[in-house]
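Quick note: the coordinates plus some simple rules give every number you see, no bench work behind them. Computed from a predicted model, the values in this text were never measured in an experiment.
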Amino acid sequence: MLFFKKVMDEKLVEPGFKDFYATECHICSITVKVIAALEEKEHNRSDILKTLNISEKAYEELKDAENCDPTLVMQLCDSLDLNTPGLFKECPKNKK
């Protein structure tokens, strides 16, 4: 199981955490979906990251929910053919 998903599953049972999470965290379900797709492609992940010029460190930070970069997530969505229409319109970290 993904680290972030495990943490979320554990935290969401705490009263009030969901409201706190909604206002503070900027890791969305699409980011979790991107990480899951890349983890399934473990044997190709390094090649995918290299092709997109994404460092292993940036990927690990994304995976660990330390730094969600919407531009990086968009690149990965495009590369993995994940359909995400309108997703980034409401992303608080998307500066576009």
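Read phi for every residue in segment 58-67 and hand back ³J(HN,Hα) as whole Hz from Karplus 6.51 cos²θ - 1.76 cosθ + 1.60, θ = phi - 60°, with x for Gly and Pro.
Calculated HN-Hα couplings, in order: 4, 5, 5, 5, 5, 4, 8, 6, 8, 7 Hz.
From the phi angles alone, apply the Karplus equation (6.51, -1.76, 1.60; θ = phi - 60°) to segment 46-55 and give each ³J(HN,Hα) in whole Hz, x where the residue is Gly or Pro.
Going residue by residue, I get 4, 5, 4, 5, 4, 4, 8, 6, 10, 6 Hz, with x marking Gly and Pro.
If one puts a single equal scatterer on every Cα of segment 3-89 and applies the Debye formula without solvent, what log₁₀ I(q)/I(0) results at q = 0.14, 0.16, 0.24 Å⁻¹?
For the requested q values the scattering log ratios are -0.51, -0.65, -1.27.
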